[in-house]
Amino acid sequence: MSTTEIANQTQKLQKEQWEVKQLKTLGLSKEIISGETSLANLEMNLSIQETFSKPTLRSVFKNETGSIGFSVVNVLVTRFVDSFGFSNKLSEVQIEMITIDALENCAYESLEDVILFFKMARSGKFGTTKRGVDSNLIFGEWFPMYLEQKAILREQGYEKEKGERNSNPDAKNAVAITKNRIYEAKKKEKVNKYINNLTAKMDKQALEDTISSWEKDSEMKPYVQLLKKKRRSVK
């Protein structure tokens, strides 16, 4: 089998594996909507690290499955706002608006991200509120904090992998490893400058489209988290 054939087979396998993950998310969504699965159990067993390998809402809920995406996020939003127990309950219209905002802001994150974010937010991980909850607080203040935590953990994961690869070097390759670390540091600095220039005149949609494109590019994927940090400055 030629190198090209092996590459094609690998790409095909990766695509099939990704499609299986998307179908699992779709199935989980239907179970949440119908009440067949326990959200409490899901929350207790979820971690941010697990979300890295999950498909995004945008990739799962498109075309005819869009209504399922709205319904499952609406269930999660309703449960979230009800958990605060304020005397003035949000109306159905207000909950619908927060659902729409959640779908927009979390489009490039997973269903598990939404579940975990709401759990952390209601338990005070991002601060407290005495005036109720609305989209400005949820997605203007709390959600960026969640994304920052996620970015830190992803970076730590990359560093751990590199550390394991480079652990216990013998005297012969120690110099080569040091040079490689210097090269990686300089490369990251150049990528940061490139991202700053690239996003200088971008709007929010252009940024999200670029993030989506980089996630599919094997060369750019390692720098997606650096690009995602621009969500806090790009309007």
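Here is how the numbers come out for the structure above:
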quantity: Theoretical gain in end-to-end length, E19 to E155 [0.36 nm per residue, Cα-Cα removed]; calculated: 46.4 nm
quantity: Cα point-scatterer Debye curve for the range 1-120, base-10 log of I(q)/I(0) at q = 0.17, 0.19, 0.23 Å⁻¹; calculated: -0.87, -1.04, -1.42
quantity: Dipole moment magnitude, nearest 20 debye, the chain about Cα centre, only Lys, Arg, Asp, Glu C-beta charged; calculated: 1020 debye
quantity: In degrees, nearest ten, helix 92-105 long axis to first principal axis of the chain (Cα); calculated: 0 degrees
quantity: Bins of 10 Å from zero: percent of alpha-carbon pairs in the range 27-80; calculated: 21, 54, 25, 0
quantity: Total charge dipole magnitude, the range 28-112, about the Cα centre, Cβ charges on Lys, Arg, Asp, Glu only, Debye to nearest 20; calculated: 60 debye
quantity: Of F61, I100, S47, farthest towards positive along the dipole that unit charges on Lys, Arg, Asp, Glu beta carbons give the chain; calculated: S47
quantity: Size of charge dipole - the range 39-176 - debye, nearest 20, with Cβ of Lys, Arg +1 and Asp, Glu -1, no other charges; calculated: 260 debye
quantity: Accessible surface of E148 - all protein chains present, 1.4 Å probe, nearest 10 Å²; calculated: 60 Å²
quantity: Helical contribution to [θ] at 222 nm, DSSP H n ≥ 4, -39,500 (n - 2.57), averaged over the chain, rounded to 500; calculated: -22000 deg cm²/dmol
quantity: Solvent exposure, largest accessible area first (probe 1.4 Å, DNA, RNA and ligands not counted), of I115, I33; calculated: I33, I115
quantity: Cα-based Kirkwood hydrodynamic radius, the chain, one decimal, Å; calculated: 20.1 Å
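The values are calculated or read from the model by the stated rules, or taken from the named source; none is laboratory data. Predicted model only: the values in this text are computed from it and were never measured. Don't worry about glycine lacking a Cβ; one is built from the backbone with ideal geometry, like all the others, and counts go over all protein chains shown. The area values use the complete protein model at the heavy-atom level, side chains included, leaving out ligands, DNA and RNA. Shrake-Rupley method; radii C 1.70, N 1.55, O 1.52, S 1.80 Å.
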